[in-house]
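To start, the structure under review is shown below, and the notes come after it.
Just so it is clear, none of the values below were taken in a lab; they were calculated from the coordinates. Computed from a prediction, not measured in an experiment: that's the story for all the values here. Cβ coordinates were reconstructed from backbone atoms using ideal geometry, including for glycine residues, and neighbour counts include every protein chain displayed.
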Amino acid sequence: MAERTTRAPGAVPLALAEPATPVSAGWIGSLALASLAMWMASLTPLQILIPEQLQAIDPKGKIVALGLVSAFGAVASLLATPVAGALSDRTTRAFPVGHLRGRRHRWTLAMAALGAASLYLIGRQTTVLGVGVLWVLFSAFQNGEYASLSAAVPDHVPVSQRATVAGWVGMPQALGLVAGTALVVDAFPALTAGYLALAAPMVLLALPFALATPDHPLEPGHAAPLSARALLAAFWIDPRRHPDFGWAWITRFLASLAIGMGTLYLLYFLRDAVHYRDPAQGLFILILIYTGCVVLTAIGGGMVSDRIGRRKPIVTISGILMALAALLLTVAETWPAAILAAVLYGTGFGAYLAVDQALITQVLPQAKDRAKDLGIINIAIVGPSALAGAVSALLVSLGGYPALYAATAVVAAAGAALVWKIRSVP
């Protein structure tokens with residue numbers, strides 16, 4: 001039976017309507033697996049594969065080379081998500097095959113395939129320039145896939161189920177690095193094989209979601225015009241016209257900045273302040289604790305938020321937990337304090353991932369621009385990772401680790417407080 005594009009003559013198309021029917025466990029699982037593969041491919045190379053590759057290519061210049069590759073990739077990520085989102089928002093029924101008639105799934109598959117190809121080709125490069133160019137391309141394609149996958153939640157999930165789904169979909173963001181590390185360190189230690197082991201799942205795990213779940217098509221008459229001006233406008237939403245979206249962007253920016261500041265120098269903190277006997281092993285233990293707490297609270301926090309029908313209290317509690325973790329490291333430079341801080345950070349950030357993402361989907365200005373607007377939110381996620389490095393370095397140089405973690409606590413607490421500026425979501 002052909003999928004209906006409208007509910008009744010003259011009604012809003014399903015692609016632009018507010019979802020009312022809960023999604024199935026299979027839908028959630030297939031989206032979570034596609035997200036996991038994407039995050040594995042995105043997070044693992046910069047932590048393991050690219051540093052090893054640059055060490056072999058240019059041992060003397062590896063530090064600068066890694067910084068440049070990372071920075072240009074971040075710029076590509078910032079630019080790509082709103083643009084890819086704007087393009088998928090305007091994609092109409094032009095592809096005659098099954099669920100690929102919709103406006104998202106074609107982009108998901110295309111971006112996953114191009115990202116996987118770019119990632120595989122990085123492993124075959126023998127110059128810093130080659131690695132850098134292909135990482136920029138991968139970052140753009142990966143964020144294009146992220147734009148279409150993240151838009152699936154407001155496209156298909158009713159508000160009453162949204163935080164639960166966001167928890168399952170957000171949890172792979174934390175799990176991806178651990179799973180990817182295990183894959184390339186233990187199962188596929190050779191460089192080229194490691195890249196291929198990350199690239200292949202991007203496509204293979206995107207296929208079930210793209211081919212087996214609905215994606216509402218959009219008729220041409222309902223698509224916004226596509227122009228260079230429209231693409232430039234993809235990077236801006238007037239906070240005076242949409243204040244709740246503006247406050248949601250600011251709170252996500254502050255939470256992301258707090259996470260970046262709080263985690264960036266943990267290895268050096270363990271070595272220089274805690275004097276842990278094996279800082280690298282200690283960091284891995286903290287990552288495992290943090291990730292376990294993220295997984296549990298992302299799912300549990302989302303379910304609680306949906307059940308009580310409220311977002312802001314849980315977002316506030318999450319931010320306070322992250323602030324307490326940073327405050328603990330400010331006053332106690334010990335291994336037990338670091339473990340407790342990992343628990344607090346993970347518990348707070350896991351619930352935040354689920355509930356704040358659900359909150360954000362409820363303040364998107366227009367249904368026709370869901371993916372583009374979520375791309376603007378992505379700037380508040382990616383941007384702080386670059387800013388955190390400069391801010392953290394300055395704070396450590398001026399006041400040591402206590403200054404860094406005290407400032408992190410202030411930033412996290414500010415994000416927790418400012419969420420109450422949002423009026424339209426309880």
Worksheet item: Where does each of T91, T334, T164 land when they are ranked from fewest to most other beta-carbon atoms within 10 angstrom?
Response: T334, T91, T164
Practice prompt. Can you tell me the 0 to 90 degree angle between the C-alpha axis of helix 25-44 and the longest principal axis of the chain, rounded to 10?
Written response: 40
Discussion item. I need the P(r) histogram for the range 308-426: all alpha carbon pairs, bin width 10 Å from 0 out to the longest distance, whole percents.
Written reply: 13, 37, 33, 14, 3, 0
Worksheet, complete the sentence: Asserting the computed 222 nm helical MRE of the chain (DSSP H runs at least 4 long, -39500 (n - 2.57) per run, divided by residue count, to nearest 500) equals -24500 deg cm²/dmol
Worksheet, complete the sentence: In degrees rounded to 10, the 0-90 angle between helix 105-122 Cα long axis and the longest Cα principal axis of the chain is 30
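Normalising by the residue count of the chain, find the relative contact order in percent from Cα pairs under 8 Å and 6+ residues apart.
25
Shape of the range 192-298 from its Cα gyration tensor (a ≥ b ≥ c, root eigenvalues): rounded if a/c is under 1.5, otherwise prolate when a/b > b/c, or oblate? Before the final figure, lay out each step's value.
Details: a/c = 2.72, a/b = 1.53, b/c = 1.78.
Cα axes put the range 192-298 in the oblate bin.
Please give me, ordered by residue number, the trypsin sites (Lys or Arg not before Pro) of the range 323-426 that lie in loop per DSSP and have at most 14 other Cβ atoms within 10 Å. Display every interim value, and only then the final one.
Working: sites: K368, R370, K372, K421, R423; in loops: R423.
Those satisfying the criteria are R423.
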Worksheet item: For helix 312-331, what angle does its Cα long axis make with the longest principal axis of the chain, in degrees from 0 to 90 and rounded to 10?
Response: 10
Worksheet item: Which order do F138, F188 fall in if you start with the one that has the fewest other Cβ atoms within 10 Å?
Response: F188, F138
Practice prompt. Return an integer: the convex hull volume of the alpha-carbon atoms of the range 26-233, in Å³ per residue.
Written response: 122
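When the Kirkwood hydrodynamic radius is evaluated over all pairs of different C-alpha atoms of the range 16-94, what value in angstrom, to one decimal, is obtained?
Values: mean 1/r = 0.0621 Å⁻¹.
One decimal place: 16.1 Å for the Kirkwood radius.
Which value in Å is the Kirkwood Rh of the range 366-426 over different Cα pairs? Write down the numbers at each step before the final one.
Numbers: mean 1/r = 0.0716 Å⁻¹.
14.0 Å is the Kirkwood radius here.
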Worksheet entry | the chain, Rg to Rh (Cα coordinates; Rh as Kirkwood inverse mean 1/r) | 0.96
Worksheet item: Cross-link partners among aspartates and glutamates for K60, C-alpha distance below 18 Å, same-chain residues fewer than 8 apart left out?
Response: E52
Worksheet, complete the sentence: Rg from C-alpha atoms of the range 249-373, normalised by the globular rule of thumb 2.2 N^0.38 Å, equals 1.17
Worksheet item: Hey, which lysines would be in cross-link range of K372, C-alpha to C-alpha under 26 Å, not counting anything within fewer than 8 residues on its own chain?
Response: K312, K421
